[in-house]
Amino acid sequence: MKLNKKALAILAGLTVGMSTTAFAATADSFTDVPKDHWSYEALDYLAKEGVIEGMGDNTFQGGRAMTRYEMASIVAKAMQKNDLNFGDKTVLDKLAAEYSGEIDTLKKQVDQNTKDIHDLKNGIAGKLELNGFVRVQYDHDRYNGTTEMSDGSTKPDDHLGTDNNRFYMNLNGAYKVNDYWKAKFQLEKNSFYNNGHDHENESGSWEDGATHTRAKRWSGHDGDIQRIWVEGVDPKSGDWISIGRAWRGLGQQNVLFGTESDGFQFGVPLKGTGLTASGFWFSSTGAGNHESWYGVGTWGKVGHSAGINLAYAQNSRDKGDVYEQNTSHLDSWGDHTVYYDKAYVLSGWADLAKNVRFIADYVKTNASDYANAVANTATGRKHGNNQNNSLFLRLNYRDTDLQKPGTYQAYARWYRYGANGTISGDDEWGSLFYNGSAGSKGWIIGAKYVPWKNVEWETFFSKQKQIENTSNKRTLVRTQMDFHF
């Protein structure tokens with residue numbers, strides 16, 4: 001019986017699939033092959049010749065007799081060999097003729113399975129990728145300080161914040177368009193604990209206390225598909241581009257920029273280095289925001305145990321421009337002033353010792369003194385130049401691996417968020433005492449742990465205070481579990 005090489009190769013794969021530890025068979029290798037069948041003598045001959053292989057326990061599937069389909073698979077595998085002598089070929093031809101029906105049936109099954117796999121891979125299921133996580137989060141968030149009233153007076157304020165106690169889901173999807181492009185989307189849903197929280201805020205909207213009117217500041221966490229974009233990658237050069245509405249960051253810790261934006265970003269690997277050069281244009285999705293930022297950056301390794309992440313950004317508007325952010329003053333900011341139109345970040349990381357990594361981000365803008373926009377601007381309160389920069393320091397010990405239960409990370413952080421020391425930095429799920437008018441600084445110590453595969457637990461403790469009014473303080477303890485899928 002003659003089969004083409006492709007068919008024999010496929011059938012041989014079945015033999016490998018039925019085997020575990022292969023070995024060079026010897027004369028009495030196949031102890032479960034009935035000796036009253038003429039095939040045993042043929043198998044014994046081929047085993048001596050080293051043409052066929054058996055199982056590590058000298059049997060085929062334990063103590064049971066070998067089936068005809070198993071025999072057919074062994075024959076198919078043996079027929080792949082090209083260095084057979086005349087005697088080996090003669091024995092194989094006899095075996096192939098005996099089991100020709102089984103070999104033909106196996107070939108048809110393999111062909112159908114191959115077709116099914118091809119259709120699945122190129123159908124919707126093969127092109128669509130889904131991943132994300134579900135989070136359970138609880139904060140003990142104590143605020144001590146004062147609240148400024150509209151007339152400029154203050155009143156004592158001591159309360160326990162509940163805005164970040166949540167069930168949250170992040171779902172990311174990617175659909176393969178072709179070998180170069182993917183269409184992507186992101187869905188986020190916040191379900192805050194039923195402990196007095198204003199559930200209308202789950203959609204990312206905000207209510208003005210005076211008018212009780214709502215406005216959406218961004219696409220929110222309401223369970224809809226908030227972000228859609230496309231990504232293109234050249235598999236040869238590694239060049240890539242992202243276009244659309246997506247969450248984007250600038251800096252090692254997203255201090256310069258870390259939020260949702262409309263726009264694009266592209267990257268070009270620099271040959272002969274571990275760096276990628278990048279260009280970007282980001283437009284804020286906040287209600288009433290008329291600004292956009294564009295610039296360049298680079299990131300990557302600069303040695304065996306160090307890396308950099310640099311970026312420079314320019315505002316589409318000039319410093320000093322004033323435009324109305326919202327005619328009904330829904331967010332209490334009134335007229336929006338462009339206090340700076342240039343910003344940059346210098347950041348990087350270095351491995352100080354085995355399992356110890358230091359990360360630093362420094363952001364600087366060209367902001368000067370500016371009027372307090374949160375309180376009544378008639379107060380004329382000013383902020384100095386020390387508010388035009390931000391500094392974030394982090395020290396990590398070890399790291400978690402979602403595929404390896406028992407792995408962990410311990411970390412310590414210190415940060416200083418200048419009121420005008422960021423374009424739109426990441427407040428990290430409200431864990432930073434970020435305030436656009438006063439700035440903040442503080443320290444955080446925490447740990448992460450993987451109790452089960454794809455599950456990460458994190459707990460941290462933080463003490464923070466405002467830069468402008470250091471009597472306003474925050475003590476935060478957060479614990480959360482992320483279930484990745």
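Any residue that is at pLDDT 90 or above, on the phi < 0 side of the Ramachandran plot and not in a loop (DSSP other than H, G, I, E, B) - is there at least one of those in region 159-168? Full working, then the answer.
Quick first cut of region 159-168, residues at pLDDT 90 or above only: 167-168.
Then drop every residue that is not on the phi < 0 side of the Ramachandran plot, which leaves 167-168.
Narrowing the set further to residues that are not in a loop (DSSP other than H, G, I, E, B) leaves 167-168.
Yes, some residue in region 159-168 is at pLDDT 90 or above, on the phi < 0 side of the Ramachandran plot and not in a loop (DSSP other than H, G, I, E, B).
If Leu130 passes every condition in (1) under 30 Å from Phe266 (Cα atoms); (2) surrounded by 12 or more Cβ atoms within 10 Å (Cβ to Cβ); (3) modelled with pLDDT of 90 or more but one, which one does it miss?
Only one criterion in (1) under 30 Å from Phe266 (Cα atoms); (2) surrounded by 12 or more Cβ atoms within 10 Å (Cβ to Cβ); (3) modelled with pLDDT of 90 or more is unmet by Leu130, namely (2).
Taking only region 218-264 into account, find how many residues are touching a residue at least 12 places away in the same chain (Cβ under 8 Å), farther than 16 Å from Gly297 by Cβ and not in a strand (DSSP E or B).
Qualifying residue count, region 218-264: 8.
Quick one: in region 231-290, which of the residues that are among the basic types (Lys, Arg) and under 27 Å from Tyr323 (Cα atoms) is farthest from the chain's Cα centre (by Cα)? Can you show your working first?
Of region 231-290, the ones among the basic types (Lys, Arg) are 236, 245, 248, 271.
Then keep just the ones that are under 27 Å from Tyr323 (Cα atoms); that gives 245, 248.
Working: Arg245: 17, Arg248: 12 Å.
Looking at the filtered set, the residue picked out is Arg245.
Among the residues in region 189-205, are any in a strand (DSSP E or B), at pLDDT 70 or above and within 19 Å of the chain's Cα centre (by Cα)?
Yes: region 189-205 contains one or more residues that are in a strand (DSSP E or B), at pLDDT 70 or above and within 19 Å of the chain's Cα centre (by Cα).
Could you tell me whether Ile423 is at pLDDT 90 or above, hydrophobic (A, V, I, L, M, F, W, C) and surrounded by fewer than 16 Cβ atoms within 10 Å (Cβ to Cβ)?
Taking the combined requirement at face value, the residue does not satisfy it.
Filter region 142-182 for residues that are among the small types (Gly, Ala, Ser) and within 30 Å of Asn194 (Cα to Cα) and give the result.
Result: Gly145, Gly161, Gly173.
Just one of Val75, Val33 is modelled with pLDDT under 75, among the β-branched types (Val, Ile, Thr) and either closer than 24 Å to Thr114 by Cβ or touching a helix residue (DSSP H, G or I) at 6+ places or on another chain (Cβ under 6 Å) (or both); which is it? Before you say what the answer is, go through the steps one by one.
Working: Val75 fails: modelled with pLDDT under 75.
Exactly one residue qualifies, and that residue is Val33.
Just to be sure I understand, how many residues within region 213-231 are more than 26 Å from Phe280 (Cα to Cα), modelled with pLDDT of 70 or more and out of contact with any helix residue (DSSP H, G or I) (no Cβ under 6 Å at 6 or more places or on another chain)?
2
Every residue, every condition in (1) touching a Leu at 6+ places or on another chain (Cβ under 6 Å); (2) in the same structural domain as Gln314 (by TED's automatic domain parsing); (3) part of a strand (DSSP E or B), yes or no:
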{"site": "Gln403", "(1), (2), (3)": "no, yes, no"}
{"site": "Gly406", "(1), (2), (3)": "no, yes, no"}
{"site": "Gln409", "(1), (2), (3)": "no, yes, yes"}
{"site": "Trp414", "(1), (2), (3)": "yes, yes, yes"}
{"site": "Glu428", "(1), (2), (3)": "no, yes, no"}
{"site": "Phe433", "(1), (2), (3)": "no, yes, no"}
{"site": "Lys463", "(1), (2), (3)": "no, yes, yes"}
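Considering region 465-485 alone, what residues qualify as being closer than 22 Å to Gly132 by Cβ and in a strand (DSSP E or B)?
The answer is Arg478, Thr479, Gln480, Met481, Asp482, Phe483, His484.
Would you pick out the residues in region 82-93 that are surrounded by 15 or more Cβ atoms within 10 Å (Cβ to Cβ) and within 10 Å of Glu49 (Cβ to Cβ)?
Once the filter is applied, which keeps residues that are surrounded by 15 or more Cβ atoms within 10 Å (Cβ to Cβ) and within 10 Å of Glu49 (Cβ to Cβ), region 82-93 yields Leu84, Asp88, Val91.
Does Ile241 meet the test of being in contact with a strand residue (DSSP E or B) (Cβ under 9 Å, 6 or more places away or on another chain), farther than 30 Å from Arg413 by Cβ and modelled with pLDDT of 95 or more? So that I can check it myself, show each step before the final result.
Working: in contact with a strand residue (DSSP E or B) (Cβ under 9 Å, 6 or more places away or on another chain): yes; farther than 30 Å from Arg413 by Cβ: yes; modelled with pLDDT of 95 or more: yes.
Taking the combined requirement at face value, the residue satisfies it.
From the residues in region 382-401 that are closer than 25 Å to Thr154 by Cα and either crowded, with 18+ Cβ neighbours inside 10 Å or not assigned by TED's automatic domain parsing to the domain that holds Thr154 (or both), which one is modelled with the highest pLDDT?
So, considering only residues that are closer than 25 Å to Thr154 by Cα and either crowded, with 18+ Cβ neighbours inside 10 Å or not assigned by TED's automatic domain parsing to the domain that holds Thr154 (or both), the one modelled with the highest pLDDT is Gln387.
Thr90 - would you say it is touching a residue at least 60 places away in the same chain (Cβ under 8 Å) and part of a helix (DSSP H, G or I)?
no
Could you grab me the full set of residues in region 435-474 that are under 21 Å from Arg142 (Cβ atoms), modelled with pLDDT of 95 or more and polar (S, T, N, Q)?
Thr459, Ser462, Gln464
The values are calculated or read from the model by the stated rules, or taken from the named source; none is laboratory data. Please read these numbers as outputs of a predicted model, since none were measured by experiment. Heads up, the Cβs are rebuilt from the backbone with ideal geometry, glycines too, and the neighbour counts pull from every protein chain shown.
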